[in-house]
Amino acid sequence: VQLQASGGGLVQAGGSLSLSCVASRRTGSNNAVGWFRQAPGKEREFVAVISWNGGRTTYTDSVKGRFTISRDNAKSTVYLRMDSLKPEDTAVYYCAQARGALGSLTSRDYQYWGQGTQVTVSS
């Protein structure tokens with residue numbers, strides 16, 4: 001399975017971006033998909049995860065109420081809508097397919113990773 005993340009860019013603080021993650025084939029429709037991010041000089045951190053059918057979502061505290069994760073299994077695509085962006089959201093964002101159906105906050109529980117898309121929020 002290959003994952004292709006896109007939608008990153010440069011936006012002013014308070015603005016919005018929508019990221020997409022497309023899987024190369026539909027076998028991933030039974031797996032949770034998560035978004036992680038890595039800022040310069042920092043470790044990769046969990047952002048959000050959605051279960052295989054979209055019935056359960058989990059967010060890291062810093063993005064709750066601002067980011068929304070969703071998925072369309074018919075299109076093999078997971079989305080991350082990011083509103084009220086802050087400079088501290090600046091990072092490379094990665095999507096990843098979990099080994100299980102419900103998802104995890106831990107990167108080692110993910111088996112396939114996209115290449116990353118850069119999000120830059122200016123102040």
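Hey, does the stretch 44-51 have a residue that's closer than 18 Å to residue 108 by Cα, open to solvent by 20 Å² or more (accessible area, probe 1.4 Å) and among the charged types (D, E, K, R)?
Scanning the stretch 44-51 turns up at least one residue that is closer than 18 Å to residue 108 by Cα, open to solvent by 20 Å² or more (accessible area, probe 1.4 Å) and among the charged types (D, E, K, R).
If residue 57 meets every condition in (1) surrounded by 13 or more Cβ atoms within 10 Å (Cβ to Cβ); (2) in contact (Cβ under 8 Å) with a residue 24 or more places away in the chain; (3) among the β-branched types (Val, Ile, Thr) apart from one, which number is that one?
Only one criterion in (1) surrounded by 13 or more Cβ atoms within 10 Å (Cβ to Cβ); (2) in contact (Cβ under 8 Å) with a residue 24 or more places away in the chain; (3) among the β-branched types (Val, Ile, Thr) is unmet by residue 57, namely (2).
Residue 41 fails exactly one of the following numbered conditions: (1) of a type outside the set (A, V, I, L, M); (2) in contact (Cβ under 8 Å) with a residue 24 or more places away in the chain; (3) open to solvent by 10 Å² or more (accessible area, probe 1.4 Å). What is the number of that condition?
For residue 41, the exception is condition (2).
Based on this model, can you work out whether residue 84 counts as out of contact with any Cys (no Cβ under 8 Å at 6 or more places or on another chain) and at positive phi?
Spelling it out, residue 84 is indeed out of contact with any Cys (no Cβ under 8 Å at 6 or more places or on another chain) and at positive phi.
Looking at residue 120 and the list (1) open to solvent by 20 Å² or more (accessible area, probe 1.4 Å); (2) assigned to a loop (DSSP other than H, G, I, E, B); (3) modelled with pLDDT of 95 or more, which single condition is not satisfied?
If we test residue 120 against (1) open to solvent by 20 Å² or more (accessible area, probe 1.4 Å); (2) assigned to a loop (DSSP other than H, G, I, E, B); (3) modelled with pLDDT of 95 or more, just (2) comes out false.
I want to confirm something. Restricting to the stretch 1-12 and keeping residues that are under 17 Å from residue 99 (Cα atoms) and part of a loop (DSSP other than H, G, I, E, B), which single residue is modelled with the highest pLDDT?
2
Quick one: how many residues across the stretch 90-103 are assigned to a loop (DSSP other than H, G, I, E, B) and modelled with pLDDT of 95 or more?
Qualifying residue count, the stretch 90-103: 1.
The values are calculated or read from the model by the stated rules, or taken from the named source; none is laboratory data. Model, not experiment: these values are computed from the prediction. Cβ atoms come from the backbone with ideal geometry, glycine included; neighbour counts cover every protein chain shown. All accessible areas refer to the heavy atoms of the entire protein, side chains included, with ligands and DNA or RNA removed. Shrake-Rupley method; radii C 1.70, N 1.55, O 1.52, S 1.80 Å.
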